Amino acid sequence: ALHREIKLLEQRRDEAAKSARAHKYRIGIINDHLHSVRQEIDHTNSLVAAKKSEVETEGHLLSLAQREIGQSQRDISSLENDIATKQSKIHTCQSSVIVAEEELEK
């Protein structure tokens, strides 16, 4: 009876050892997977940071472009005013020339 009990305990010990080895193997696989997942998270976080930086840069460039557009519009308006002033002066001069020609013809 004692011999049978020892055999039964040895069998349970062997099964427990086998189960422990299987669990250790699974834990190793899970730890490897966890390491891979953490690396992927780090990589993804790096991509997110790069994209945020890119968005900030594009926002800055957009702001600069809008300021340049505003300046160009002010320049165009100024030039249009200059053109209108010069055309008015030309018209005044042409009118003076016509009046002077009419007086010469008299």
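For the reader, a short list of remarks on this structure follows.
- 58, 103, reordered so the largest accessible area comes first (probe 1.4 Å): 103, 58
- For the options 53, 77, 88, a Gaussian network treatment of the chain with springs between C-alpha atoms closer than 10 Å singles out 88 as fluctuating the most.
- Of (i) 1.95; (ii) 1.17; (iii) 1.92, the label for Rg/Rh (Cα atoms, Kirkwood Rh) derived from the coordinates: (iii)
- Area accessible to solvent at residue 83, 1.4 Å probe radius, in Å²: 90
- Percent carbon-and-sulfur accessible area, the chain, ignoring ligands, DNA and RNA, probe 1.4 Å: 58
- The 1.4 Å probe gives accessible areas that order 56, 80, largest first, as 56, 80.
- Probing with 1.4 Å while keeping every protein chain in the model, the per residue accessible area of the chain equals 94 Å².
The values are calculated or read from the model by the stated rules, or taken from the named source; none is laboratory data. Note that the structure is a prediction, hence the values are computed from the model and not measured. Please note that ligands, DNA and RNA were not included when accessible areas were found on the heavy atoms of the full protein model with its side chains. Shrake-Rupley method; radii C 1.70, N 1.55, O 1.52, S 1.80 Å.
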